[in-house]
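The values are calculated or read from the model by the stated rules, or taken from the named source; none is laboratory data. Worth saying up front: this structure is predicted, and the values here are computed from it rather than measured. Ideal geometry is used to build each Cβ from the backbone, glycine not excepted, and the neighbour counts take in all protein chains shown.
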Amino acid sequence: MPYQTTANLVPRIIRRLTQVPGTGTQIYAEDRILEILKEVYRQAARAYWWPDMMLRFDVVPDQTSGIITSDLISANGVARVENFSDIRSVFYNDYPRPLAQLPGNISTASLLTGIPGYLSPLGYGEDPTGFRLFKLVPVPSGTVNLHVLARITPRNIFTDVNVVIPIDEFILINGVGYKYCVEDGHNPAAAEQFRNTFESELAGAIDEYDSQPIPLDTRTGSIPGSFMDPDLYL
Amino acid sequence: MVRPTITKPIRQQPRSGPTQAATLRDFNGGWNVADSDLNLSPRFAKKQINLMRALDGSVQVRWGTKLLKDMTGASILNGATIVDVFYFNGRVVTVASSGDVFTTAADGTTVTRNTAWGATTFASFTLFNNQLIICNGVNKPLLMKADYTTDFLVDLATTSNVNTPIGLYCTTHNQYLVIAGDPSNVSRLYISNKATSGTFLSDPAPNDAVNFELGSFINEGDAIITGLGSFRDQLVVFTREAVLLITLGIYDGITHVPKVNDVIPANGAISHRTIVGLGQDMQFADLIGIAAISRALFTGQIQPDRVSRLVDPAFQKTVNPLGNTSLLNRVFSVFNRRDNQIMHFVPNNDVAASTLETRGFIHTYSKAQKINAFHDFRNWNWIAACKTSEGRVVFANTTKLYFYGNEDNQYSGDYIGEYEGFSDDTMFTDGTGLSPSSDADLGLPIPFIWELPWADMKSRTSSKMSRGIGFDTSGTGRFTCAMFTDNILYDYRLSVSYYYDGLKMLDGYGDTSAQLAPSAIMPFVAGDYRGFGVNPLTQWFGDARPTSDERLYAWNSKYNIMKLRLSGTTSKPLRFITIKFHYETGTVMR
């Protein structure tokens, strides 16, 4: 995978910007480049549901509050789900469709009965650990299993320079190069080149996943080629 | 799925970006303390300590020194100290405080030539007919012949020196030996017989020697002669506040009648030792600064000038604490012909034993190249200096002689052969170092500071953003570049410091202490540094930022006005050729 750590990326960006490379050489550029790198990573990470960044969790909601009872942290502890918006889908037991988010115009959640439930993001101060992120509404009776598919963020990303950043290196390098060039007033053609390369790399990475020939439906057997509308034959 | 666009399209930009570049390469102005540095051209420097304008136009760390001879010892000085030195016929002639006279060859071989004099605090020298004449104002003058044999100056006819005057100062002009500075006749000139050095008034004929009183010619200040010089066809006599121009060789019958051609008031010399003849002009030091006389191009008249206007405040501050005796005996000058420099030295204390430094006011001067720059040389403590016929300069402290470096003898450290610094280019806090371990020693490192004036990039009220910095340098020395912004040089803060007795102030606070407050600071190494593993001994692992790299060094700071300060300590060659700067100009909104 073309992923790199901060320790590798920052010197490469410095070289790409035709600055003098070396450990601790660009003391007035490294911090800026790091901040810009954080911005570019955030933009690129949210541009697509990158399969490499998706992780599945099996959690159980509490039978009193409905809050899930385990953190959305990877088994080895190196990655976690940071925001409710990082959750792509939640399945309830063996229910075939993903759960919906609780609408905002429901007056009383207790009126919702006989349905698997809705997802409700936890409010400020409601999340006991910061990594529970949602609860099931209404509170289920009996043990329920929830299967969560969510986007993870590596732990200590950018604070530990040896943590791998799970976004294509060329997207990050060119994105940072563009923003740095614009701020520094470099040759606009150079800035434009960085921007074009950044956008084409990002679009290309998305295209690769979209056009990948791995089938999405592996069921065997024929699929009906026609159907009959029962209402027409009453 | 709609492809996300992270950035919106940007409008077509002109080919050149808003980042501008500025290059500083003219540093001929030198040190300037007279003008406000908020209003100075970058060709001047607010501080230029131990840096000089080199022959190639760059700013270079001054040359260092190498030990020529340690004259401490029973067989030489034997507890005495050096009073003055002079170069004669391939030897450095040294006069000691005991009155003894020595000669030292280039290989350090020292021979005692005369012990007839008594205690001496001053010496002056002049050449006459390929012989050296030495005066001390206490004893009769000495004559050193070409073979270095030294005896009293005598009348050749009688071999007696009974009529030879005792004086502090001597000079040769137009075939006459002139002596002055007689403590009993302070304004009298003793002029010898023509073409003979030892025949004075009252010696037997043939003799046209004459004594000439100048007191009635002087209309400003006291009439005490402080020095003599020879400038073209004029004998130049100095008092504290006047310069007299005299023509010798005018006769009324057989009587020699010197003629006073001109008296220039408001210019004078504080010491005979500061008078330096340069051919086209003559420089000397007075209480205000360094003055000069030169010949006007068309009229041929001698006219005075004050060449040290830009550093007069610093010179006056250094000279003011000195008493008359220190001014007469301990302020001195020497002409460094190889670097086109006139070096004027002033001790920092009126008491010789308490003098820790002799501050050098160095004047790099070349009329043809339009160079007229002063520099500030520190970290030396010299007693005397002389120039050799090869153009080299020899310095002397109380007991040792040193060669000064030049392009052919590139000494980058001080006291080579006597001390060596530590491998990180530092030394003991008292300015000394370790004993040298080999002939390849670099000596003690030379500290330097170059502080440029405040710069506004030709737009005083607009805010600017610096983006990059670079240098063209040569050598292998290291330096640190610091940038200050918006007239903020120091950070004055209360610190919890202590009195000298170790007690804390009652309120828990201490003295205010001013610390330099740069907005950006970075160490660099000069352009010839070859990197770890390639350079020989004293290699530092990790190295520094090479200034030979044409790529950018990010240098970010916002400012309206900015000042650069280059400083460091080095025992390796170091020259600054250009300073390159990248910046953007903003609006007046700060």
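Points to keep in mind about this one:
- Flag for A:I13 being surrounded by 13 or more Cβ atoms within 10 Å (Cβ to Cβ) and either within 15 Å of A:Y118 (Cα to Cα) or in contact with a Pro (Cβ under 7 Å, 6 or more places away or on another chain) (or both): no
- Residue within region A:61-84 that is assigned to a helix (DSSP H, G or I) and touching a Ser or Thr at 6+ places or on another chain (Cβ under 9 Å) present: no
- One residue stands out among those in region B:156-173 that are over 32 Å from the mean Cα position of the chain (by Cα) and of a type outside the set (V, I, T): the one that is surrounded by the fewest Cβ atoms within 10 Å (Cβ to Cβ), which is B:L156.
- Residue match in region A:130-145 (condition: within 14 Å of another protein chain (Cβ to nearest Cβ), modelled with pLDDT of 90 or more, closer than 25 Å to A:A79 by Cα and not in a helix (DSSP H, G or I)): no
- Among (1) modelled with pLDDT of 95 or more; (2) in a loop (DSSP other than H, G, I, E, B), the one test that B:I134 misses: (2)
- Entirely in region B:441-508, the strands (runs of 3 or more DSSP E) that have 3 or more residues that are of a type outside the set (K, R), closer than 30 Å to B:R575 by Cβ and at pLDDT 90 or above: B:446-451, B:464-475, B:478-485
- Residue match in region B:261-279 (condition: without any contact (Cβ under 8 Å) to a residue 24 or more places away in the chain and surrounded by fewer than 22 Cβ atoms within 10 Å (Cβ to Cβ)): yes
- Any hit, region B:369-378, residues being of a type in the set (D, E), within 26 Å of B:A45 (Cβ to Cβ) and either in contact with a strand residue (DSSP E or B) (Cβ under 8 Å, 6 or more places away or on another chain) or buried (at least 23 other Cβ atoms within 10 Å of the Cβ) (or both): yes
- Residues being of a type in the set (D, E, K, R), more than 19 Å from B:Q341 (Cα to Cα) and out of contact with any strand residue (DSSP E or B) (no Cβ under 8 Å at 6 or more places or on another chain) - total across region B:276-316: 0
- Qualifying residues in region B:137-162 (those that are part of a strand (DSSP E or B) and among the aliphatic types (A, V, I, L, M)) - the one farthest from B:I191 (Cα to Cα): B:M144
- Residue within region B:242-252 that is among the small types (G, A, S) and farther than 24 Å from B:P347 by Cβ present: yes
- Pairs where the first residue, in region B:49-76, is surrounded by fewer than 23 Cβ atoms within 10 Å (Cβ to Cβ) and the second is acidic (D, E), C-beta under 6 Å, 6+ apart: B:I49/B:D376; B:L67/B:E418
- Filter result for B:D56 (modelled with pLDDT of 90 or more, under 22 Å from the mean Cα position of the chain (by Cα), away from chain A (no Cβ under 14 Å) and part of a loop (DSSP other than H, G, I, E, B)): no
- Subset of region A:37-60 (residues that are in a helix (DSSP H, G or I) and not charged (D, E, K, R)): A:L37, A:V40, A:Y41, A:Q43, A:A44, A:A45, A:P51, A:M53
- Among the residues listed as B:A80, B:A123, B:A180, the single one being surrounded by 16 or more Cβ atoms within 10 Å (Cβ to Cβ), touching a Ser or Thr at 6+ places or on another chain (Cβ under 6 Å) and among the hydrophobic types (A, V, I, L, M, F, W, C): B:A80
- Selection status of B:R295, of a type outside the set (S, T, Y) and closer than 21 Å to B:T172 by Cα: yes
- Residue, surrounded by the fewest Cβ atoms within 10 Å (Cβ to Cβ), within region A:193-207, restricted to residues that are without any contact (Cβ under 8 Å) to a residue 12 or more places away in the chain and facing chain B (nearest Cβ under 8 Å): A:A203
- Restricting region A:31-84 to residues that are among the basic types (K, R) and within 14 Å of chain B (Cβ to nearest Cβ), the residue that is nearest to A:L172 (Cα to Cα): A:R42
- Scanning region B:336-372 for residues that are at pLDDT below 95, in a strand (DSSP E or B) and not polar (S, T, N, Q) yields a total of 2.
- Residue-level check: of (1) of a type in the set (G, A, S); (2) within 30 Å of B:I521 (Cβ to Cβ); (3) within 13 Å of chain B (Cβ to nearest Cβ), A:A7 misses just (3).
- The residues in region A:167-192 that are in contact with a strand residue (DSSP E or B) (Cβ under 8 Å, 6 or more places away or on another chain) and either crowded, with 20+ Cβ neighbours inside 10 Å or within 12 Å of chain B (Cβ to nearest Cβ) (or both) can be counted, and the count is 3.
- Region B:553-590, residues that are in a strand (DSSP E or B), under 30 Å from B:W63 (Cβ atoms) and among the charged types (D, E, K, R): B:K563, B:R565, B:R575, B:K580
- Residue list for region B:314-334, restricted to those being part of a helix (DSSP H, G or I), of a type outside the set (S, T, N, Q) and surrounded by 14 or more Cβ atoms within 10 Å (Cβ to Cβ): B:A314, B:F315, B:V319, B:L327, B:L328, B:R330
- For region A:129-155, the set of residues classified as farther than 13 Å from A:N83 by Cα, over 16 Å from the mean Cα position of the chain (by Cα) and not β-branched (V, I, T) consists of A:K135, A:L136, A:P138, A:P140, A:S141, A:G142, A:N145, A:L146, A:H147, listed by residue number.
- Cβ-Cβ distances below 9 Å connect the following pairs, each with a first residue in region A:94-111 that is within 16 Å of A:K135 (Cβ to Cβ), a second residue that is at pLDDT below 80, and a separation of six or more residues or different chains: A:L99/A:P116; A:L102/A:A109; A:L102/A:L112; A:I106/A:L112.
- Those residues of region B:141-155 which are touching a strand residue (DSSP E or B) at 6+ places or on another chain (Cβ under 8 Å) and crowded, with 18+ Cβ neighbours inside 10 Å, in sequence order: B:P141, B:L142, B:L143, B:M144, B:Y148, B:T150, B:L153, B:V154
- Residues of region A:16-42 satisfying the condition of being over 23 Å from B:D549 (Cα atoms), surrounded by 18 or more Cβ atoms within 10 Å (Cβ to Cβ) and not hydrophobic (A, V, I, L, M, F, W, C): A:Y41
- Output for region B:84-116, where each listed residue is part of a strand (DSSP E or B) and farther than 25 Å from B:Y411 by Cβ: B:V95, B:A96, B:V101, B:V111, B:T112, B:R113, B:N114
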